[in-house]
1. Looking at the stretch 370-406, which of the residues that are modelled with pLDDT of 95 or more and more than 20 Å from residue 453 (Cα to Cα) is surrounded by the most Cβ atoms within 10 Å (Cβ to Cβ)?
2. Taking the stretch 323-349, which residues are more than 20 Å from residue 448 (Cα to Cα) and either buried (at least 24 other Cβ atoms within 10 Å of the Cβ) or without any contact (Cβ under 8 Å) to a residue 40 or more places away in the chain (or both)?
3. What number goes with the only condition from (1) farther than 23 Å from residue 772 by Cβ; (2) out of contact with any helix residue (DSSP H, G or I) (no Cβ under 6 Å at 6 or more places or on another chain) that residue 806 does not pass?
4. Anything in the stretch 390-420 that is in contact with a strand residue (DSSP E or B) (Cβ under 7 Å, 6 or more places away or on another chain) and free of Cβ contacts under 8 Å to residues at least 40 places away in the same chain? List them, or say none.
5. Only one of 369, 415 is assigned by TED's automatic domain parsing to the domain that holds residue 451 and under 31 Å from the mean Cα position of the chain (by Cα). Can you tell me which?
6. Test residue 500 against the criterion of being within 30 Å of residue 327 (Cα to Cα), touching a residue at least 12 places away in the same chain (Cβ under 8 Å) and more than 32 Å from the chain's Cα centre (by Cα), and give yes or no.
7. May I ask you to verify whether residue 266 is touching a helix residue (DSSP H, G or I) at 6+ places or on another chain (Cβ under 6 Å) and either farther than 27 Å from residue 32 by Cα or in a loop (DSSP other than H, G, I, E, B) (or both)?
């Protein structure tokens, strides 16, 4: 027999892939990183080797002879992580779908099957390559059997190759002597104990000189160094056990069916479908053109003629459901994509008589005639549609529906929606034309532009019914229809109005920061006794912990840690550290805001930021380009930045802020009578908590005790640990733990509520708000303690923070809609967590305040009433 046989050590490579590839899950929540990584290693090997025969070996779950030996010595074996365990059957299913034979035999390890198959194949005249991360297999290397060990370096897979010569060169022993080498040095990854105090180099010298552990033991008095001599003399029985554990059985009762192992077409229909299910988009191109093609593209048509366009609109008017997308970017319209039915998708290109006005008018007509209309990223299209949409209930955005069903993804592009909810594998924007602006694509790749637009319309039509059904099943249809879809219009309106900025004030603010930054720089150099790069963590670490010998040094791979948590502990006692922290804060204020905001001021003198509703897992709105929600408020210099945000000429700003909304939600959701009563009595909740926790009269609570109680109150909402609270308050972990225990004694139902939130999230797989918004918590099932702890905090906090986010959304929608419907000149211009900012016409101020009070307080009716604080001013600083 001639040819080449490739054998893969299944569990070993799957394990390597699991730890080498970042965690991936498909839309059903199945972990897939190990399978994905395994396939990529496998394809790399097969592309290089071009074998005639191929098989993969796996251990079975039943204990093998060597397992039992090890367990008799050590007691237990480390269990496989659950996220990896669930991928083993998926990997086997994939290999079976590809026609790859699986080598498994009850009572024998994969190593034994690999050794047996390799020995037999070599005897039959084949050359063999064994792929494994387990160096134990080096004992199988010969001149015709190569052991290939993948290693990950800088994110790339490299492979070390070992025949006999390479083993001798690296380890100074022959392949069969690898067994003796392991018997001395051990191998923790393969559960081989070895003997104490003998490492790889010493073991190599001993076996190189004496040939085996038996011969070495016979000459034990001659062995050097003395430490190795004493260890071998004392632990020879352990060395013998280790040798038995390391020895691969090449005579196991296993026969590889070479006919089944013949290389065939791996890229079968079954494998293609499974790759689609696992969402391995990058692997799909490997499948031949015999795999199902994108049949959607066959239905596409580009329309450039007015009479053809009229026919398309007539067809769409006959449909009860349509998919649509006005393709727009940077205020420019490129065309309208329409999917009136399952068989036809049209891209009506903006040119000639098919003008912007014609396309928007026709689109609006379709949206106003009572049919269901589905799209993706509606907010981006509202620049052309907002004024004409009156019946919003019939328009649905698939990206927002997909976000509610899985809020952990952060992005919901067309191709993912198609894959997750319409079982379609289509090309996304990046695959079709990268990051090129649409205006450029229109000129250079008009066919790809039309294809992209058609994908948007078709995907919306195909996916939305499925999304709506899933929302209904998950009790989120009302949340989608009554909160998230109306919010699209509110966010668009806020973006459109924007917020006015005093550019001169901003410039002056930056100059003021610069002066203080230079002052601090010189003071830090003086305190350090030399000039250095303050922004270099390495140089700063040397100054603080080597030169000045400050306490609390934490060594990292690159030097000393100068992270904020390290420096904050030192700042009260060391002036140089306090100055460094201030320097960092001011440098960030200057670069991010004083300099950064200037680039966002439009020609109208206003910043028109972007508000995102599909990014945060909790349901909170986020702000980008620029991020107006992260403007610092803890320091006076940070707060002063709000002075640059001003009302337009003749108007004022009204700031309405929910008072302690998350604590009120916690009180209502937990049902804790003491906490509820405190809010009903309008008590100072932080002073009351301090009084209860520290057992002191209410009137005798000191400002420091109140501050500490405030940290406990808000920390509890976020599932804070004793360690976390100790860091915040600069107290011992024990003292912080006592604070938390006393808090729960004071508010016992809060403890019950938080414990139950974690319990329910573990059972259901998600946390839930009062409005049925779900936040999946996969971390609760993690084998990693830190991940599980994070999951527990998420499970505690998400119902509270998510409910608060829902309440502010309801309020801002109602405020915005009333301002527009009642024809106020005043406009909602900003939402910052629990705060709404209105630019108000002076004669409307009192009416707007009344409107804000009504809608914000009555956004929800709980056992604890919502309360708001309101202020007015010419700038955001004055109003807040």
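1. Among those that are modelled with pLDDT of 95 or more and more than 20 Å from residue 453 (Cα to Cα), it is 403.
2. Quick first cut of the stretch 323-349, residues more than 20 Å from residue 448 (Cα to Cα) only: 331, 340-342.
Answer for the stretch 323-349, where residues must be more than 20 Å from residue 448 (Cα to Cα) and either buried (at least 24 other Cβ atoms within 10 Å of the Cβ) or without any contact (Cβ under 8 Å) to a residue 40 or more places away in the chain (or both): 340, 341.
3. Of the numbered conditions (1) farther than 23 Å from residue 772 by Cβ; (2) out of contact with any helix residue (DSSP H, G or I) (no Cβ under 6 Å at 6 or more places or on another chain), the odd one out for residue 806 is (1).
4. 394
5. 415
6. Details: within 30 Å of residue 327 (Cα to Cα): yes; touching a residue at least 12 places away in the same chain (Cβ under 8 Å): yes; more than 32 Å from the chain's Cα centre (by Cα): yes.
Against the criterion (within 30 Å of residue 327 (Cα to Cα), touching a residue at least 12 places away in the same chain (Cβ under 8 Å) and more than 32 Å from the chain's Cα centre (by Cα)), residue 500 qualifies.
7. So residue 266 does not fit the description; no.
Each row is one residue, and each column tells you yes or no for (1) buried (at least 24 other Cβ atoms within 10 Å of the Cβ); (2) at pLDDT 95 or above; (3) not assigned by TED's automatic domain parsing to the domain that holds residue 335.
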| position | (1), (2), (3) |
| --- | --- |
| 442 | no, no, no |
| 447 | no, no, no |
| 453 | yes, yes, no |
| 460 | yes, yes, no |
| 463 | yes, yes, no |
| 466 | no, yes, no |
| 480 | no, yes, yes |
| 483 | no, yes, yes |
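The values are calculated or read from the model by the stated rules, or taken from the named source; none is laboratory data. For clarity, every value in this text was computed on a predicted model and none was experimentally measured. Cβ sites come from the backbone with ideal geometry, for glycine too, and all protein chains shown count toward neighbours.
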